[in-house]
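Below is one structure, written out as structure tokens; comments come after it.
The values are calculated or read from the model by the stated rules, or taken from the named source; none is laboratory data. Just so we're clear, the structure is a prediction, and the values are computed from it rather than from any experiment. Quick reminder, even Gly has a Cβ in these numbers, built from the backbone with ideal geometry, and neighbours come from all protein chains shown. Only protein heavy atoms, including side chains, enter the accessible area calculation; ligands, DNA and RNA are left aside. Shrake-Rupley method; radii C 1.70, N 1.55, O 1.52, S 1.80 Å.
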Amino acid sequence: MLDVAKIRTDFPLLAREVYGRPLVYLDNAATTQKPRCVIDAIADAYTTVNANVHRGVHRLSQEATDRHEAARETVRRYLGAASAAEILFTRGTTESINLLATSFGEAFCHEGDEIIVSEMEHHSNIVPWQLLGQRRGTVLRVIPVTDDGRLDMEAFQRLFTPRTRLVSVAHISNVLGTVNPVEDVIRIAHAHGVPVAIDGAQSAPHIPVDVQALGCDFYAFSAHKVYGPTGVGVLYGRERWLEQMPPYQGGGEMIGHVRFSGTTWNELPYKFEAGTPDFIGTIATARALDYVSALGLPAIAAHEQSLVRRALDGLGTLPDVHIYGQPSSLISFNLGDAHPADVGILLDHQGVAVRTGHHCAQPLMERLGIPGTVRVSFALYNTEADVDAFLAALRRTAQML
Ligand code: PMP
């Protein structure tokens, strides 16, 4: 069990008010608040070890490099990867998938080759593949979503052809909450000899992930959704793939030797990390992952699921609430015919922060035949009182509308 009252004192922002009311922050799937230890880690790194990494002979640069590389090792442990060389630092999930689409696409994709994604993907797992299509002539194949918000696994199996090059799917949908059966996705894809990339933006904060046990070939997540800083993301990639993929960007750090007659590449992971990395951010990210690991993802998941059950019970007592998908750490719903934005604004004025709209998943909205939803998403510091405040505010909102 989590001691949530104590945990909340670690998060300074949670003490603030909005419109003179205590903040009820239920937009955690968009970004999480930061514990004091992460905020302090940023100030501490700037105060004590700020020097550019990897290139310095001086003591400060060596200490900064050690802390940055220790952060990579923390991420490796968090994901259960075999080697720190398989952990690439990026700016976020979005850049991780763009790196993958560009570099994997360059190495392995040609005119007429196929990439499989699903109908429930975030735009960041759709558009990079469309851009690849414009450059290389690849084609997207789309796993349909069932009426109850799951991947249609029968249809998925029929999508494979000899031209399938990669499957890229979300672990947990940021709209539906559905926890996709990625083990089955990976087993089926591998039986066809096709590698699998997992968009872990919504799983890394909520459930234990072991990339080796899963057997996925790539896994992406964003630090800012796991109580870490903005501007840091991770792409895990199996060494055998990364070795065969060309650099994503050119510049310092990613080179072996530069000559005008031709340049060679650095070893993994540096081949994919051109320029000065956000080493202050990676150090703070490691602090966030240590914070989460110390509490334990199983305990965090149990706590968040109990909040979701309480919220679902409450929503069940309200007339005309339509819930979408398979809520896990988040719930998407609509209130009768009310526009989600109206519901969001009225909740906001009662101190309850939720997200409304298409959630960067317009194809899924089209599938559901709606303009958007209201989404409440939970984190380890949310309380039963937060749930009850949300339900009370929603009841008043329903009366006003
Ligand atoms: N994929 C999913 C499933 C997400 O929820 C998000 C964030 N909303 C992203 C990708 C993109 O993450 P970021 O904006 O941190 O790059």
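Listed residues THR102, THR65; which is of a type outside the set (Gly, Ala, Ser), farther than 30 Å from ARG375 by Cα and more than 25 Å from the chain's Cα centre (by Cα)? If you could, list the steps in order and put the result at the bottom.
On the way: THR102 fails: more than 25 Å from the chain's Cα centre (by Cα).
The conditions single out THR65.
From the set of residues in the range 43-97 that are of a type in the set (A, V, I, L, M, F, W, C) and free of Cβ contacts under 8 Å to residues at least 12 places away in the same chain, which is farthest from the ligand (Cβ to nearest atom)? Working first, answer last.
At the first step, the residues of the range 43-97 found to be of a type in the set (A, V, I, L, M, F, W, C) are 43, 45, 49, 51, 53, 57, 60, 64, 70-71, 75, 79, 81-82, 84-85, 87-89, 97.
Filter again for free of Cβ contacts under 8 Å to residues at least 12 places away in the same chain, leaving 43, 57, 60.
On the way: ALA43: 23, VAL57: 35, LEU60: 30 Å.
Step by step, filter the range 43-97, then rank; the result is VAL57.
Please give the number of the condition GLY314 fails out of (1) more than 24 Å from the chain's Cα centre (by Cα); (2) surrounded by 23 or more Cβ atoms within 10 Å (Cβ to Cβ).
(2)
Checking ASP278 against (1) under 16 Å from ARG72 (Cα atoms); (2) away from the ligand (no atom under 16 Å from the Cβ); (3) open to solvent by 40 Å² or more (accessible area, probe 1.4 Å), only one condition comes out false. Which one?
Every listed condition holds for ASP278 apart from (2).
Tell me, which residue of the range 337-366 that is without any contact (Cβ under 8 Å) to a residue 12 or more places away in the chain and either of a type in the set (D, E, K, R) or crowded, with 23+ Cβ neighbours inside 10 Å (or both) is farthest from ARG395 (Cα to Cα)?
Selected residue: GLU366.
Right, ARG16: surrounded by fewer than 19 Cβ atoms within 10 Å (Cβ to Cβ) and farther than 25 Å from SER203 by Cα or not?
Details: surrounded by fewer than 19 Cβ atoms within 10 Å (Cβ to Cβ): yes; farther than 25 Å from SER203 by Cα: yes.
Yes; evaluated as a whole, the condition is true for this residue.
Scan the range 353-399 for residues that are more than 22 Å from GLN33 (Cβ to Cβ) and among the polar types (S, T, N, Q) and jot them down.
GLN362, THR373, THR397, GLN399
I'd like to verify a number: residues in the range 365-390 that are touching a Gly at 6+ places or on another chain (Cβ under 8 Å), farther than 24 Å from ASP3 by Cβ and in a helix (DSSP H, G or I), how many?
Total satisfying the criteria: 1.
Could you list all residues from the range 140-157 that are open to solvent by 50 Å² or more (accessible area, probe 1.4 Å) and under 13 Å from LEU176 (Cβ atoms)?
First, pick out the residues of the range 140-157 that are open to solvent by 50 Å² or more (accessible area, probe 1.4 Å): 141-142, 147-148, 150, 154, 157.
If the condition is that a residue be open to solvent by 50 Å² or more (accessible area, probe 1.4 Å) and under 13 Å from LEU176 (Cβ atoms), then ASP147, ASP148, ARG150 are the ones that fit.
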